[in-house]
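Quick notes on the structure that follows.
The values are calculated or read from the model by the stated rules, or taken from the named source; none is laboratory data. Just so we're clear, the structure is a prediction, and the values are computed from it rather than from any experiment. With ideal geometry, Cβ positions are generated from the backbone for all residues, glycine too; neighbour counts draw on all protein chains shown. SASA here: full protein model, heavy atoms, side chains in, ligands and nucleic acids out. Shrake-Rupley method; radii C 1.70, N 1.55, O 1.52, S 1.80 Å.
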Amino acid sequence: MIRILSLLVGAFFTVVLGYSFVRGAYTAATEPAALTAEKVFYKKPEPLHLPSDGMFGKFDRQQLQRGFQVYQEVCAACHSLKHVAFRDLAALGYNEAEIKAIAGKATVSAKDPLTGEVKDRPGTAADKFPPVVYAGLGVPPDLSLITKARPNGAAYVHSLLIGYQAQPAELLKQFPDAKTGDGLHYNPYFKNLNLAMAPPLTGEGQVTYSDGTKATVDQMSTDVTAFLVWTAEPTLEHRRQTGFWWIGFLIFATVLGYMSYRNIWAEKKGH
Amino acid sequence: MSYPWANEYKPSHPAMVWLDERLPLPRLIYGAVGGGYEVPRNLNYFWNFGFLAGLCLMIQIVTGVVLAMHYAPNTLVAFDSTEHIMRDVNWGWLMRYAHANGASAFFVVVYIHIFRGFYFGSYKAPREMIWLLGVVIFLLMMATAFMGYVLPWGQMSFWGAQVITGLFGAIPLVGEPIQHWLLGGFAPDNAALNRFFSLHFLLPFVILGVVILHIWALHIPGSSNPTGVEVKSESDTVPFHPYYTAKDGWTVGLFMVIYSTVVFFAPNMLGHPDNYIPANPMSTPALIVPEWYFWPFYAILRAFTFDFFFIPAKLMGVLAMFAAILIWFLLPWLDRSPVRSANYRPLYRKFFYALVVAMVVLFWCGGAHAEEPYIMLSQLATLYYFAHFLIIVPIVSSIERPDPLPYSITESVLGPPTALESAAKA
Ligand code: HEM
């Protein structure tokens with residue numbers, strides 16, 4: 001009984017799927033999927049190498065500070081960084097006084113502990129980066145996690161920042177309807193090719209690095225990306241260090257375990 | 001079961017004697033996973049995965065309980081509380097990554113465990129109950145993992161919950177009310193998040209309970225083995241401890257090395273970047289996919305693209321997806337071959353490998369965009385999947401001529417007895 005019912009159910013599924021397959025194959029053969037501008041002109045991010053890459057990678061503190069400077073002077077006008085606290089900046093090599101000064105320049109809206117009133121006050125080291133008010137087109141995402149929230153995120157951010165260009169004439173010829181809209185900007189590294197963010201890094205020397213590094217557009221973009229890799233996971237270095245110790249111990253224990261296993265089974269042939 | 005030659009528990013320390021008379025817990029353990037449990041001597045490494053699955057369950061429970069101390073199941077703060085765990089809780093990043101990747105490790109191990117069963121016919125009499133309980137565990141695992149993925153309340157959490165509960169909406173008449181009842185609203189929101197958290201905390205302990213039944217059922221006939229020939233005499237078995245504690249023990253180490261490498265060096269490899277974007281009901285992701293371990297079943301769901309007379313495609317997809325697992329319950333009765341191990345079933349073995357290929361194709365298609373050629377490929381693979389269990393297995397098992405089996409487990413390990421040994425025995 002079970003087998004007969006199963007056979008019927010099996011035959012039903014087989015027929016339905018065979019039919020769907022044939023119809024799908026026919027459609028695919030007769031009506032090739034239409035091309036879109038995104039399919040033809042979208043570019044995958046260019047490879048990017050950062051000091052924090054790879055198992056042995058370490059953050060370059062100097063670079064993180066430069067990247068933080070770019071964030072503050074350029075990106076912070078529109079993008080928040082809400083998961084990061086000012087105190088976290090100690091990891092970039094700032095001392096207590098410097099962190100206090102950085103936090104103090106921010107305005108934080110908080111309850112006054114004495115009156116219970118919600119008021120603006122200067123930030124402290126314990127505060128997180130405050131929300132950013134933005135009034136333009138589009139919704140600038142919070143940047144704390146951006147390099148983890150996109151496929152191949154670090155390379156993506158870097159490519160996007162340096163990838164703005166005029167819309168190719170070829171594209172308009174092929175897809176006349178795909179003209180970049182008003183207030184949007186063409187960038188082949190963005191999924192639908194047009195984004196609301198105007199090119200934020202426009203020219204060499206847009207920020208003045210205190211360590212003398214030349215602030216080319218590519219340099220600024222790489223630095224701010226390195227910084228955003230850190231904001232996405234400040235515990236990255238700790239994780240890898242712990243990993244080496246822990247896995248080293250595990251390998252040692254496994255080898256011992258294997259030897260005792262061999263020892264115990266020695267007189268049982270076949271293993 | 002204990003074979004007549006199994007060691008008996010003999011406590012020597014007076015305290016243990018005292019305890020044994022009042023609560024024979026050590027006796028239970030000795031008989032279950034100690035020197036008192038006799039196990040076939042010829043188990044290969046595929047028999048280690050049950051133990052590893054138990055380890056995974058323990059890892060999930062321990063890391064999960066710690067995470068629950070810091071997580072807040074409220075749509076306003078769930079995402080932020082997860083990031084709080086990652087950044088501000090001591091070793092919080094380790095707990096979270098160990099838990100998220102622990103789920104993946106659990107499924108890797110359990111998929112191997114299940115396919116071991118397909119190959120070696122572990123589901124056959126007298127082990128049907130072990131198998132049936134196993135399928136129940138697998139269903140519970142899927143429910144638990146699905147609800148866990150919703151908790152961080154990222155984009156994939158939200159849209160995954162929307163899509164999966166939406167599947168119930170395909171059921172005629174009662175579908176939508178069921179979906180709304182499951183969610184506690186018209187779309188995933190606070191009510192859904194809260195109940196998913198509650199159930200996600202509860203279900204692992206239900207799984208633990210069923211695992212105990214699973215192992216109890218296992219101990220009635222004892223483990224099968226790669227030959228599928230039942231234990232005949234004392235020389236066929238060895239005591240679980242120290243033989244299999246040592247074997248399971250070192251593979252625990254090996255498993256931990258591989259798992260830890262992912263946790264410490266590539267913890268986001270198996271996750272989807274979109275889940276680092278907070279849930280946004282106003283913005284649908286370009287591609288909504290579940291976690292990788294659901295991909296085969298997701299591919300089956302999406303393989304049904306045409307209405308069949310009066311049955312809508314979506315409904316068939318949903319039915320097929322559930323049926324894909326539910327038919328495992330029938331397997332002990334669909335496969336009539338008295339020979340367990342595919343080592344001695346040349347014809348079945350070929351179809352087993354075809355099933356593995358179909359499964360790999362389904363994995364691959366389930367994670368891809370719903371476009372050609374993935375849809376056609378998943379249709380072919382789904383077709384094979386159902387034909388395999390419902391048509392091929394019953395037919396093959398009645399027409400196949402199996403290869404000769406070894407006389408006993410001992411013989412399969414040591415070779416046939418020499419003339420001298422046989423004479424000595426006689
Ligand atoms: C939490 C998940 C699970 C745990 C902890 C678990 C645990 C175990 C353990 C410890 C064994 C004995 C050792 C071995 O044969 O590997 C076993 C055997 C077995 N399990 Fe599971 N299991 C789980 C899930 C499943 C699932 C999902 C299935 C099938 C759908 C299944 C089917 C079986 C079968 C058929 C056996 C007997 C194998 C034989 O003796 O040949 N188990 N399980």
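What does the net charge come to around B:H241 if you take all other residues with beta carbon closer than 12 Å to its beta carbon, with K and R at +1 and D and E at -1? Mind showing how you got there, number by number?
On the way: positive: B:K247; negative: B:E38, B:D248.
Result for the local shell: -1.
From the phi angles alone, apply the Karplus equation (6.51, -1.76, 1.60; θ = phi - 60°) to region B:322-339 and give each ³J(HN,Hα) in whole Hz, x where the residue is Gly or Pro.
Working through the residues one at a time gives 5, 4, 4, 8, 4, 5, 4, 4, 8, 3, x, 9, 7, 8, 9, 5, x, 7 Hz.
Hey, what's region B:336-426 come to in accessible area per residue, 1.4 Å probe, Å²? List each step's numbers first, then the result.
Details: 4680 Å² over 91 residues.
Normalised by residue count, the accessible surface of region B:336-426 is 51 Å².
Find the centroid of the Cα atoms in region B:199-266 and in region A:219-268, then give the distance between the two in whole Å.
25 Å
Select from B:M376, B:M321, B:M156 the residue whose mean-square fluctuation is largest in a Gaussian network model of chain B (Cα-Cα springs shorter than 10 Å).
B:M376
Whole percent per 10 Å bin, from 0 to the bin with the longest distance: what is P(r) over all C-alpha pairs of the protein assembly as shown?
3, 12, 19, 22, 19, 13, 8, 4, 1, 0, 0
Would you kindly compute the Cα radius of gyration of region B:341-426 and its largest Cα-Cα separation (Dmax), both in Å?
20.8, 70
Going by average Cβ density within 10 Å per residue, which order do the peptides A:21-28, B:393-400 take, highest to lowest? Please list the in-between numbers first.
Details: A:21-28: 15.1, B:393-400: 17.4.
Highest mean packing first, the order is B:393-400, A:21-28.
In chain A, what percent of the accessible surface is made up of carbon and sulfur (1.4 Å probe, ligands and nucleic acids excluded)?
Details: 9280 of 15030 Å².
For chain A, the apolar C and S fraction of the accessible surface comes to 62 percent.
How many angstrom separate the Cα center of region A:134-188 from the Cα center of region B:8-43?
67 Å
Tell me: how much accessible area in total is hidden between B and A, 1.4 Å probe, Å², nearest 100?
On the way: alone 21370 and 17770 Å², together 33770 Å².
The buried area between B and A, both sides summed, comes to about 5400 Å².
Under the classification rounded if a/c is under 1.5, otherwise prolate if a/b is larger than b/c and oblate if not, where does region B:322-390 fall, given a ≥ b ≥ c as square roots of the Cα gyration tensor eigenvalues?
Numbers: a/c = 3.17, a/b = 1.90, b/c = 1.67.
Judged from the Cα gyration tensor, region B:322-390 comes out prolate (a/c at least 1.5, a/b above b/c).
Rounded to the nearest percent, how much of the accessible area of region B:82-211 (1.4 Å probe, protein heavy atoms only) is carbon and sulfur?
Working: 3510 of 4660 Å².
Result for region B:82-211: 75 percent of the exposed heavy-atom area is carbon or sulfur.
Could you sort the residues of region B:388-404 by number and keep only those whose accessible area is reduced by 30 Å² or more in the all-protein-chain setting relative to the chain alone, 1.4 Å probe?
Buried by 30 Å² or more upon assembly, which counts only protein chains, are B:L390, B:I391.
Using a Gaussian network model of chain B whose springs link C-alpha atoms within less than 10 Å, name the residue from B:P404, B:P242, B:P346 with the highest mean-square fluctuation.
In the Gaussian network model the winner is B:P404.
For chain A, with a Gaussian network of springs between Cα atoms less than 10 Å apart, report the residue from A:I162, A:I102, A:I251 with the top mean-square fluctuation.
Result for chain A, Cα springs under 10 Å: A:I251 fluctuates most.
Round to the nearest 10 and report in Å² the accessible area of B:W333, as given by a 1.4 Å probe over the protein chains' heavy atoms.
100 Å²
Counting only other chains, what is the mean number of Cβ atoms within 10 angstrom of the Cβ of each residue in peptide B:303-311? If you can, show how the numbers build up before the last one.
On the way: counts 6, 4, 7, 8, 2, 5, 1, 0, 2.
Partner-chain Cβ atoms within 10 Å, mean over residues of B:303-311: 4.
Can you give the accessible area per residue of region A:41-104, in Å², using a 1.4 Å probe?
Working: 3210 Å² over 64 residues.
Heavy-atom accessible area per residue stands at 50 Å².
Order A:D223, B:D189, A:D88, most accessible first, counting only protein heavy atoms with a 1.4 angstrom probe. Numbers along the way, then the final one.
Working: A:D223 0, B:D189 85, A:D88 30 Å².
Solvent-accessible surface, decreasing: B:D189, A:D88, A:D223.
Taking Rh as the Kirkwood radius computed over C-alpha pairs, what is the Stokes-Einstein D of region B:82-176 at 25 °C in a medium of viscosity 0.890 mPa s, expressed in µm² per second?
Working: Rh = 16.1 Å.
Translational diffusion coefficient: 152 µm²/s.
Would you kindly find the accessible area of B:S122, with a 1.4 Å probe and non-protein molecules such as ligands, DNA and RNA excluded, rounding to the nearest 10 Å²?
Here the residue's solvent-accessible area equals roughly 20 Å².
Can you give the net charge of the other residues whose Cβ lies under 12 Å from the Cβ of A:Q219, counting K and R as +1 and D and E as -1? Show your work: numbers first, answer last.
Working: positive: A:R66, A:K214; negative: A:E204, A:D211, A:D218, A:D223.
Counting the neighbours of A:Q219, the net charge comes to -2.
Give me the mean projected area, in nm² to one decimal, of the convex hull enclosing the Cα positions of chain A. Walk me through the numbers on the way to the answer.
Values: hull surface 119.5 nm².
Seen from a random direction, the Cα hull of chain A projects 29.9 nm² on average.
Less than 12 Å Cβ to Cβ from A:C75, Lys/Arg counted +1 and Asp/Glu -1: what total charge do the surrounding residues give? Please report the intermediate quantities before stating the final value.
On the way: positive: none; negative: A:E73, A:D142, A:D223.
In short, -3.
Let me check against my output: what whole-number percent is the relative contact order of region B:59-130, with C-alpha pairs under 8 Å and at least 6 apart?
On the way: 37 pairs, mean separation 20.6, N = 72.
The value is 29 percent.
List, in order, the whole-Hz ³J(HN,Hα) value for each residue of region B:290-303 obtained from phi through the Karplus relation with A = 6.51, B = -1.76, C = 1.60 and θ = phi - 60°; use x for Gly and Pro.
Per residue, the Karplus-derived 3J(HN,Hα) values read x, 5, 4, 6, 9, 4, x, 6, 5, 5, 4, 4, 8, 6 Hz.
Determine how large the accessible area of A:K100 is when every protein chain is in place; take a 1.4 Å probe and give Å² rounded to the nearest 10.
140 Å²
What does the average come to when, for each residue of peptide B:377-387, you count the partner chain Cβ atoms lying within 10 Å of its Cβ?
Values: counts 1, 2, 10, 4, 1, 6, 9, 2, 2, 9, 6.
Averaged over the peptide's residues, the number is 5.
Based on alpha-carbon centroids, what's the gap between region B:79-135 and region A:46-89 in Å, whole number please?
35 Å
Per the Debye formula with a single identical scatterer at each Cα and no solvent contribution, what log10 I(q)/I(0) holds for chain B at q = 0.06, 0.13 Å⁻¹?
Scattering profile of chain B, log10 relative to I(0): -0.30, -1.25.
Over the alpha carbons of region B:229-354, what is the largest minus smallest coordinate on each principal axis, giving the biggest first in Å?
Sorted from largest, the Cα extents of region B:229-354 read 66, 48, 22 Å.
Hey, which of these cross-link pairs are over 19 Å Cα-Cα: A:K44/A:K179; B:K10/B:K247; A:K58/A:K148; A:K58/A:K128; A:K82/A:K105? Walk me through the numbers on the way to the answer.
Values: A:K44/A:K179 21 Å; B:K10/B:K247 24 Å; A:K58/A:K148 17 Å; A:K58/A:K128 25 Å; A:K82/A:K105 16 Å.
Checking Cα-Cα distances, A:K44/A:K179; B:K10/B:K247; A:K58/A:K128 exceed 19 Å.
Could you derive backbone 3J(HN,Hα) for region B:71-78 from the dihedral phi with the Karplus parameters 6.51, -1.76 and 1.60 (θ = phi - 60°), listing whole Hz in sequence and x where the residue is Gly or Pro?
Running phi through 6.51 cos²θ - 1.76 cosθ + 1.60 with θ = phi - 60° gives 7, 10, x, 9, 4, 6, 10, 4 Hz.
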